[in-house]
Amino acid sequence: MLFDTLKELCALFGPSGCEDEVRAYIRREAEPYADEIIESRHGDLMILKHGKTQIKHTVMLAAHMDEVGVIVRSVTEDGFLRFAFVGGVDRRVALGRKVFLGDNRIPGIIGMKPIHLTTQEERKSLPKVKDLYIDIGASSREEAEALVEPGDYGCFAPGMTELQNGLVRSKAIDDRIGCAILLETLKQDLPVDTWFAFTVQEEIGSRGAFAAAFAVKPDVAVILEGTSAADHPQSQGTKRVCATGEGPVLSMMDKGAIYDRGLFDLLRAIAEEKGTGWQIKTRVVGSTDARAFQQSLGGCKAAGISAPVRYIHSPSCVGSIKDFEAMKVLVNAFLEKMEDYHG
């Protein structure tokens with residue numbers, strides 16, 4: 001089931017550059033259904049599953065395995081950890097959050113000096129990363145370095161919570177939802193030969209997607225993602241960007257790519273035919289692995305299907321199971337259309 005797969009994937013440790021645990025899980029689950037598996041030097045997984053029909057176009061579905069997180073930069077004399085964020089983490093929601101660090105998953109808390117000791121001016125602005133630290137409870141540099149060292153990665157604490165109206169909260173919904181849909185689709189009988197790309201380091205610049213594009217050379221690529229929803233009380237009209245529960249987001253343009261109009265129209269027609277609902281974003285923001293596929297070698301035609309996610313890039317991403325299931329319906333129907341696609 002999609003929800004169960006998503007829950008397991010979101011619980012895994014996988015900040016950009018440290019996707020090993022996620023990759024091992026996906027490979028283990030996919031191997032019984034795969035006809036070919038390629039692993040890039042970066043750590044991308046490209047998996048081929050034969051369908052009932054061979055077509056002239058090479059079709060790829062893609063999602064990234066990595067999540068935002070932290071990396072330890074140094075240790076202070078009194079045992080606190082200075083760190084940097086990996087990917088675009090919202091500093092406003094990082095304070096007080098639990099993280100796990102390194103291979104031994106050492107627990108820590110992101111902190112700064114207490115509000116009672118801040119000035120009025122300091123309370124008016126976002127804290128700078130240099131003012132933040134991770135507290136693992138160590139009392140000295142020696143004690144901390146026995147547990148954690150500079151270069152260790154960290155991610156926010158796992159744990160999925162079911163909210164009202166079919167909404168769920170977890171870290172890493174961006175983009176474990178894409179990975180979950182790919183994995184569940186791969187386990188089915190397929191209408192056409194399909195490549196599944198599970199990429200690395202998307203959050204720091206789509207590094208892995210370039211390798212996947214060069215390895216497979218797809219003619220058509222559909223990128224599954226999470227995208228920013230702003231359907232909260234302060235945002236009305238176009239400021240909502242997109243909304244949870246109102247269907248998958250079909251991409252027309254972002255800051256990294258202009259998506260193929262023909263594929264966009266095809267996905268829109270499928271959504272209307274299947275009754276899944278669909279929406280577009282009212283602002284051009286963010287980017288996805290689509291830019292890497294479009295810019296590699298001779299390029300390829302790219303489409304995007306995204307889950308609207310509240311509080312994205314935070315420890316508490318919120319998305320709709322209804323939207324997730326609708327994305328899977330669109331993917332399955334899209335592959336069926338590829339039998340007659342002439343691009």
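Determine whether Thr227 is assigned by TED's automatic domain parsing to the domain that holds Cys179 and within 21 Å of the chain's Cα centre (by Cα).
Numbers: assigned by TED's automatic domain parsing to the domain that holds Cys179: yes; within 21 Å of the chain's Cα centre (by Cα): yes.
Yes; evaluated as a whole, the condition is true for this residue.
Of all residues in the stretch 283-332, how many are aliphatic (A, V, I, L, M) and not in a strand (DSSP E or B)?
Narrowing the stretch 283-332 to residues aliphatic (A, V, I, L, M): 284-285, 290, 292, 297, 302-303, 305, 307, 309, 312, 318, 321, 326-327, 329-331.
Those still in the list that are not in a strand (DSSP E or B) too: 284-285, 290, 292, 297, 312, 321, 326-327, 329-331.
Within the stretch 283-332, residues that are aliphatic (A, V, I, L, M) and not in a strand (DSSP E or B) number 12.
Please go through the stretch 61-85 and pick out each residue that is touching a helix residue (DSSP H, G or I) at 6+ places or on another chain (Cβ under 6 Å) and in a strand (DSSP E or B).
Within the stretch 61-85, the subset touching a helix residue (DSSP H, G or I) at 6+ places or on another chain (Cβ under 6 Å) is 61, 63-66, 68, 75, 77, 79.
Scanning the stretch 61-85 gives Leu61, Ala63, His64, Val75.
Which ones in the stretch 275-301 are among the aliphatic types (A, V, I, L, M), more than 15 Å from Phe214 (Cβ to Cβ) and in contact (Cβ under 8 Å) with a residue 40 or more places away in the chain?
As a first pass, look at the stretch 275-301 and keep what is among the aliphatic types (A, V, I, L, M): 280, 284-285, 290, 292, 297.
Now narrow it down to the ones that are more than 15 Å from Phe214 (Cβ to Cβ): 280, 284-285, 290.
Listed by number, the residues that qualify are Val285, Ala290.
How many residues are free of Cβ contacts under 8 Å to residues at least 24 places away in the same chain and of a type outside the set (Phe, Trp, Tyr) when one looks only at the stretch 2-34? Don't jump to the end; show me each part of the working.
Filtering the stretch 2-34 down to residues free of Cβ contacts under 8 Å to residues at least 24 places away in the same chain leaves 4, 8, 20-21, 24-25, 27-28, 31-32.
Remaining after also requiring of a type outside the set (Phe, Trp, Tyr): 4, 8, 20-21, 24, 27-28, 31-32.
Here the count works out to 9.
Look at Thr161 and say whether it is modelled with pLDDT of 95 or more, outside the structural domain of Gly298 (by TED's automatic domain parsing) and of a type in the set (Val, Ile, Thr).
On the way: modelled with pLDDT of 95 or more: yes; outside the structural domain of Gly298 (by TED's automatic domain parsing): yes; of a type in the set (Val, Ile, Thr): yes.
Yes.
Are there any pairs, at least 6 apart or on different chains, whose C-beta atoms fall under 7 Å, with the first in the stretch 263-274 and in contact (Cβ under 8 Å) with a residue 60 or more places away in the chain and the second part of a helix (DSSP H, G or I) and among the hydrophobic types (A, V, I, L, M, F, W, C), and if so, which?
Sorted first by the residue in the stretch 263-274, then by its partner, the pairs are Leu267/Leu330; Leu267/Phe334; Ile270/Leu330; Ile270/Ala333; Ile270/Phe334.
Results for (1) at pLDDT below 90; (2) surrounded by 17 or more Cβ atoms within 10 Å (Cβ to Cβ); (3) of a type outside the set (Phe, Trp, Tyr), shown as yes or no for each residue.
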{"residue": "Trp195", "(1), (2), (3)": "no, yes, no"}
{"residue": "Phe198", "(1), (2), (3)": "no, yes, no"}
{"residue": "Ala211", "(1), (2), (3)": "no, yes, yes"}
{"residue": "Phe214", "(1), (2), (3)": "no, no, no"}
{"residue": "Lys217", "(1), (2), (3)": "no, no, yes"}
{"residue": "Val222", "(1), (2), (3)": "no, yes, yes"}
{"residue": "Thr227", "(1), (2), (3)": "no, yes, yes"}
{"residue": "Ala230", "(1), (2), (3)": "yes, yes, yes"}
{"residue": "Gly237", "(1), (2), (3)": "yes, no, yes"}
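A quick yes/no check of all residues on (1) at pLDDT below 95; (2) farther than 20 Å from Gln201 by Cβ; (3) hydroxyl-bearing (Ser, Thr, Tyr):
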{"residue": "Ala271", "(1), (2), (3)": "no, yes, no"}
{"residue": "Lys281", "(1), (2), (3)": "yes, yes, no"}
{"residue": "Thr288", "(1), (2), (3)": "yes, no, yes"}
{"residue": "Ala292", "(1), (2), (3)": "yes, no, no"}
{"residue": "Ala307", "(1), (2), (3)": "no, yes, no"}
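Exactly one condition in (1) over 27 Å from Glu202 (Cβ atoms); (2) loosely packed, with under 15 Cβ neighbours inside 10 Å is false for Gly79; which is it?
Only one criterion in (1) over 27 Å from Glu202 (Cβ atoms); (2) loosely packed, with under 15 Cβ neighbours inside 10 Å is unmet by Gly79, namely (2).
Are there strands (runs of 3 or more DSSP E) fully within the stretch 146-242 with at least 3 residues that are within 22 Å of Gly43 (Cα to Cα)? List them. First the steps, then the outcome.
On the way: elements: 153-156, 167-170, 194-199, 220-229.
Because the criterion is at least 3 residues that are within 22 Å of Gly43 (Cα to Cα), the strands (runs of 3 or more DSSP E) in the stretch 146-242 that meet it are 153-156, 194-199, 220-229.
The values are calculated or read from the model by the stated rules, or taken from the named source; none is laboratory data. Please read all numbers here as calculations on a predicted model, not as lab measurements. So basically every Cβ, Gly included, is an ideal-geometry build from the backbone, and we count neighbours across all protein chains shown.
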